[in-house]
Amino acid sequence: MDNKINKSHFIVIVAALCLLISGCLGGGTMSDLPESDLPNCETIAPWGVSQWTNCQGIYSEGGNQYVGEFKDGVFHGQGTMTYANGDQYVGEWKDNMPHGQGTVTWKDGEQYVGEWKNNMPHGQGTITLSNGNQYVGEFKDGLMHGQGTLTFPDGRQLEGIWEEGVFLYENKGK
């Protein structure tokens with residue numbers, strides 16, 4: 001699981017760098033945008049993306065591409081970030097970070113589907129690992145935390161209470 005947390009931190013770092021480094025509009029066309037009630041963003045040189053507010057657009061930097069909604073110059077609303085390394089996040093954004101409902105799919109096929117808070121799995125979610133393990137339950141700050149079930153490829157399960165990624169005890173009396 002620790003490896004997954006590092007990937008989550010990677011998402012925040014890349015998103016922050018995208019806006020800190022002067023970016024460009026490109027790598028896609030406005031017709032690639034999903035349906036939205038927001039108008040298309042207009043780039044106003046020399047300020048670029050920092051002027052984008054309450055609009056939708058495409059922002060590319062260093063092989064990464066964000067397609068979605070902006071508010072006050074940051075990723076905010078529905079959007080998709082496709083990273084140069086093949087990872088992808090699709091879902092809700094707030095202040096440049098995954099926040100709300102979303103799905104991250106890593107290039108190795110591993111996937112987390114569920115709630116996000118400040119770029120970390122937080123709330124109800126499901127993570128499926130490449131080794132076949134799958135955890136369904138509660139997350140807090142990117143770790144399994146609360147009620148959840150870890151299912152192994154052979155069908156065995158650990159069902160109970162988790163704390164900071166560690167299985168504490170099985171629920172009795174179910």
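The values are calculated or read from the model by the stated rules, or taken from the named source; none is laboratory data. Computed from a predicted structure; not experimentally measured. Every residue, glycine among them, receives a Cβ derived from its backbone with ideal geometry; neighbour counts consider all protein chains shown.
Across the range 54-66, not a single residue is classified as over 15 Å from ASP95 (Cα atoms), at pLDDT below 85 and surrounded by 15 or more Cβ atoms within 10 Å (Cβ to Cβ).
Of the candidates THR103, THR80, THR126, the single residue that is surrounded by 15 or more Cβ atoms within 10 Å (Cβ to Cβ), of a type outside the set (Lys, Arg), in contact with a Phe, Trp or Tyr (Cβ under 8 Å, 6 or more places away or on another chain) and farther than 27 Å from ASP37 by Cβ is THR126. Taking first residues from the range 35-59 that are within 14 Å of VAL74 (Cα to Cα) and of a type outside the set (A, V, I, L, M, F, W, C) and partners that are modelled with pLDDT of 85 or more and loosely packed, with under 14 Cβ neighbours inside 10 Å, the Cβ contacts under 9 Å between residues at least 6 apart in sequence or on separate chains come to SER50/ASP72; THR53/ASP72; ASN54/ASP72; GLN56/ASN40; GLY57/ASN40.
Residue pairs whose Cβ atoms lie under 9 Å apart, sitting 6 or more positions apart in sequence or on different chains, and linking a residue in the range 115-133 that is over 11 Å from PHE152 (Cα atoms) to a partner that is basic (Lys, Arg) and not in a strand (DSSP E or B), are PRO121/LYS4; ILE127/LYS4.
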